[in-house]
Amino acid sequence: MKNETVDKIQANIEKVIFGKTDEIRYVIAALLANGHVLIEDVPGVGKTYLARSLAVSIGGIFRRIQFTPDLLPTDITGVSIYNQTSKNFEFREGPVFTNILLADELNRATPRTQSALLECMEERQVSYDGIPHTLPPSFFVLATQNPIEQQGVYHLPEAQLDRFMIKITIGYPKHFIEMDILEAQRKRHPIEAIGSVCEMDEIIRIQEAVHEVYVDESLRDYIVSVVEKTRDHPSVLLGGSPRASLALYRMAQAMAFIAGADFVLPDVVKELAKSVMRHRLILKPQAQIGGLTADQVISEILQKTEVPIARVR
């Protein structure tokens, strides 16, 4: 049975982002699976408004960081400031202390600044002067990067990429959808007309319920086998880590929950494999020169891996 709250969130976002039902569903699933999302796409396709409309829909705090080469780690995490009254240093929280964080053009910041997000994304805390500061519940990063521009950008390190549960693209809308976008914004932007459909407490309860979705042992074995084969593939220099297996497992639970099921089917894992692993694979130089892509490698592995028979609890 489908969860009404999740359906309301998706319907609310679709009032702002037109014609991108699957992409919205993937982002919601990543939120419910306690993950983070990397969107690689050209400017102007709605990445920022997707993050904003999600934050509005769940009644969460939204903050945006525009990553630039001169951005410092403390501009993200926060800094200690001396208080003249108390004669002590006080920690002033940075913009990561939020529910939904839009890390816009993440690859424009230096590797030192990018690394400031590592602890935040994995451990949900900021350590400053040896003292841990816990981030708000359901801390969710939606990062963007432009695939076209090469000047003034820095390659995202593998440790950073591995912390994103999925990597997706939004893509240009179809002709008739773009016509609808023009009409919807004739007077004002649709995001000004939407409101929250739930509270953050409800999101936390749903995240806990997602962990209860049943994944049969044969399907867990299938997930691990698919990820293992990326490490042994002759065209792959660096395959998926155990974190990739866990991300595929959690995303499959979340997608099953959104569909109203209390168990995961193999088709869900197959559907998610590319979005979960495409950014984690590093292909060998000769494979890249030959035009091979990570998606093609994953498709080949899926075709050669025996799919288990679906079993319910």
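The values are calculated or read from the model by the stated rules, or taken from the named source; none is laboratory data. Predicted model, so just to flag it, every value in this text is computed and none were measured. Every residue, glycine as well, gets a Cβ built from its backbone with ideal geometry; the counts of neighbours run over all protein chains shown.
None of Leu272, Leu219, Leu246 is surrounded by fewer than 18 Cβ atoms within 10 Å (Cβ to Cβ) and outside any loop (DSSP other than H, G, I, E, B) except Leu246. Here is the figure for the range 19-51: residues that are within 16 Å of Ser138 (Cβ to Cβ) and outside any loop (DSSP other than H, G, I, E, B) total 8.
Scanning the range 126-168 for residues that are β-branched (Val, Ile, Thr), surrounded by fewer than 16 Cβ atoms within 10 Å (Cβ to Cβ) and in contact with a strand residue (DSSP E or B) (Cβ under 8 Å, 6 or more places away or on another chain) gives Ile131, Thr134. For first residues located in the range 111-127 and without any contact (Cβ under 8 Å) to a residue 40 or more places away in the chain, partners that are among the hydrophobic types (A, V, I, L, M, F, W, C) and lie 6+ apart or on another chain with Cβ distances below 8 Å form the pairs Glu119/Val126; Arg124/Leu135; Arg124/Phe139; Gln125/Leu135. Residues being over 15 Å from the mean Cα position of the chain (by Cα) and assigned by TED's automatic domain parsing to the domain that holds Lys167 are represented in the range 21-38 by at least one member. Scanning the range 6-18 turns up no residue that is in a strand (DSSP E or B), outside the structural domain of Gly260 (by TED's automatic domain parsing) and either touching a residue at least 40 places away in the same chain (Cβ under 8 Å) or within 23 Å of Met165 (Cβ to Cβ) (or both).
When Val79 is tested against (1) loosely packed, with under 15 Cβ neighbours inside 10 Å; (2) of a type in the set (A, V, I, L, M); (3) not in a helix (DSSP H, G or I), only condition (1) is not met.
Screening Ile39, Ile76, Ile65 for residues that are touching a Gly at 6+ places or on another chain (Cβ under 8 Å) and not charged (D, E, K, R) leaves exactly one candidate, Ile76. Counting only residues that are outside any helix (DSSP H, G or I) and more than 19 Å from Asp162 (Cα to Cα), the range 280-302 holds 3 of them.
Can you find a residue that is more than 20 Å from Ile191 (Cβ to Cβ) and crowded, with 20+ Cβ neighbours inside 10 Å anywhere in the range 58-69? Within the range 58-69, one or more residues are more than 20 Å from Ile191 (Cβ to Cβ) and crowded, with 20+ Cβ neighbours inside 10 Å.
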